[in-house]
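Just below is one structure, and these are the notes that go with it.
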Amino acid sequence: MNWLDCGQRVKAGGALTREEALAVLQSSDDEILEVVQAAFLARRQHFGRDVNLHILRNAQSGLCGENCAFCSQSASSAAEIERYPLQSIEEIVAGALDAQRAGAVKYCVVTSGRAPAADTLDTFCEAARLIRRATSLHLCVSPGLLTEGQARRLAGAGVHRVNHNLETARRYFPAICTTHSYEDRVATVRAVKAAGMEACCGGILGLGETLEDRVDLAFALRELGVDSIPVNFFNPRPGTPLADQPPLGARDGLRGLAMFRLVNPTRDIRAAGGREACLGALQPLALYAANSIFTSGYLTTPGQGRPADIRMLEEAGFRPAKLEM
Ligand code: SF4
């Protein structure tokens, strides 16, 4: 495969085929810099050298009745994590002010659980109004499965984007969760788009899925027209059913990111949870495919911290994206 020709074609608006996407994941170690360069051609065309910084807030942790096998917040997980009920509007707004001071462009408020209770939705809507008034941040919320009516309420309150991941391919989904379905997740993404919000929707690499499953996920996201794709790298958590899953290798993590970029060249692609644990010393190379990162940690695990993230991206010649006022 001539990877540079492939990158030039995608940069010019051409589409990657499924066979080519699979070839990205199967590329040899000798080809890996050419694969990353192909992804970079598309990344630079649409995002320059900017990196969007996202800050997560886990506004309700643990005690979820669903059985996602990777998740330490599931009630069926014995992982040692902090568990707490929904935070107050004041706490969520204070987190937004901190995120703005830290140079984030997106503030992502997440709650554990299958779907939002009525008071969770009320809290999100009121917090959204206050955050819109007090900051210029884009607000993303991740409250679980949504109906169209709930999505319209969030949109009306000023929520800019909703996150709801497909997690993995349709074929593999029943192996990681049986309390809700892949179709339930797709319906939520469609409800978010129908309500006029941006859809943030991605998945986790390394749950035991095949390379073809990874390709299927990337194409499913393209078909859904999602706006933002968090690519998470599975970091097995002690106490969860997948605790003994072998970790994803750094080079496979990089190939995965490059493939998601080449299949979805114009989308916000995030090197998301597990970045540090999976990519290790290869982390800076992720910036050549991804144009955004979470900084300041994840839902239940810490990251390398904002100062190290900023140093990494600046040393690699990238810069934090600025908020449009
Ligand atoms: S629904 Fe969300 S919080 Fe609940 S177990 Fe699944 S991933 Fe974890």
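Go through the range 155-191 and give me each residue that's assigned to a helix (DSSP H, G or I) and more than 16 Å from the ligand (Cβ to nearest atom). It would help to see each step written out before you state the result.
If we filter the range 155-191 for residues that are assigned to a helix (DSSP H, G or I), which is where we start, we get 155-157, 173-176, 182-191.
Within the range 155-191, A155, G156, A157, R190, A191 meet the criteria.
Given the criterion β-branched (V, I, T), over 15 Å from S228 (Cβ atoms) and in contact (Cβ under 8 Å) with a residue 24 or more places away in the chain, identify the matching residue among V159, V192, V186.
Numbers: V159 fails: over 15 Å from S228 (Cβ atoms); V192 fails: over 15 Å from S228 (Cβ atoms).
After applying the criteria, what remains is V186.
On the given criteria, is R251 among the charged types (D, E, K, R) and closer than 24 Å to R190 by Cα? Write out each step before concluding.
Values: among the charged types (D, E, K, R): yes; closer than 24 Å to R190 by Cα: no.
No.
Does the range 65-79 contain any residue that is more than 25 Å from R261 (Cα to Cα) and in a strand (DSSP E or B)?
Initially, the range 65-79 is screened for residues more than 25 Å from R261 (Cα to Cα), giving 65-69, 71-79.
Next cut, in a strand (DSSP E or B) only: 74.
Within the range 65-79 (the criterion being more than 25 Å from R261 (Cα to Cα) and in a strand (DSSP E or B)), the answer is yes, since at least one residue qualifies.
Any idea which of L33, L22 is within 30 Å of T178 (Cβ to Cβ) and either touching a helix residue (DSSP H, G or I) at 6+ places or on another chain (Cβ under 8 Å) or away from the ligand (no atom under 16 Å from the Cβ) (or both)? Spell out the reasoning first.
Values: L33 fails: within 30 Å of T178 (Cβ to Cβ).
Criteria check complete, one pass: L22.
Here is a list: L242, L207. Which entry is assigned to a loop (DSSP other than H, G, I, E, B), in contact with a helix residue (DSSP H, G or I) (Cβ under 6 Å, 6 or more places away or on another chain) and more than 28 Å from A12 (Cβ to Cβ)? So that I can check it myself, show each step before the final result.
Details: L242 fails: in contact with a helix residue (DSSP H, G or I) (Cβ under 6 Å, 6 or more places away or on another chain).
Going through L242, L207 in turn, just one is assigned to a loop (DSSP other than H, G, I, E, B), in contact with a helix residue (DSSP H, G or I) (Cβ under 6 Å, 6 or more places away or on another chain) and more than 28 Å from A12 (Cβ to Cβ): L207.
Can you name the number of the only condition in (1) within 16 Å of the ligand (Cβ to nearest atom); (2) surrounded by fewer than 23 Cβ atoms within 10 Å (Cβ to Cβ); (3) part of a helix (DSSP H, G or I); (4) not polar (S, T, N, Q) that R152 fails?
Unmet condition: (1).
Just one of the numbered conditions (1) assigned to a helix (DSSP H, G or I); (2) surrounded by fewer than 23 Cβ atoms within 10 Å (Cβ to Cβ); (3) of a type in the set (D, E, K, R) is not true of R237; which one?
Result: R237 fails condition (1) only.
If you scan the range 82-99, which residues turn out to be surrounded by fewer than 18 Cβ atoms within 10 Å (Cβ to Cβ) and not hydroxyl-bearing (S, T, Y)?
E82, R83, P85, E90, E91, A94, L97, D98, listed by residue number.
Test of understanding: among G196, G256, which residue is modelled with pLDDT of 95 or more and either surrounded by 24 or more Cβ atoms within 10 Å (Cβ to Cβ) or in a strand (DSSP E or B) (or both)?
G256 is the lone residue from the list that is modelled with pLDDT of 95 or more and either surrounded by 24 or more Cβ atoms within 10 Å (Cβ to Cβ) or in a strand (DSSP E or B) (or both).
Just to verify a result, which residue in the range 111-148, among those that are within 14 Å of the ligand (Cβ to nearest atom), free of Cβ contacts under 8 Å to residues at least 40 places away in the same chain and more than 20 Å from C177 (Cα to Cα), is nearest to the chain's Cα centre (by Cα)?
Among residues in the range 111-148 that are within 14 Å of the ligand (Cβ to nearest atom), free of Cβ contacts under 8 Å to residues at least 40 places away in the same chain and more than 20 Å from C177 (Cα to Cα), the one nearest to the chain's Cα centre (by Cα) is V141.
Looking at the range 46-92 only, could you name the residues that are in contact (Cβ under 8 Å) with a residue 40 or more places away in the chain, more than 8 Å from the ligand (Cβ to nearest atom) and hydrophobic (A, V, I, L, M, F, W, C)?
Answer for the range 46-92, where residues must be in contact (Cβ under 8 Å) with a residue 40 or more places away in the chain, more than 8 Å from the ligand (Cβ to nearest atom) and hydrophobic (A, V, I, L, M, F, W, C): F47, V51, L53, I55, L56, A59, L63, A69, A78, A79, I81, I89.
The values are calculated or read from the model by the stated rules, or taken from the named source; none is laboratory data. This structure is a prediction, so every number in the text was calculated from the model and none was measured. All Cβ positions, even for glycine, are placed from backbone atoms using ideal geometry, and neighbour counts span all protein chains on display.
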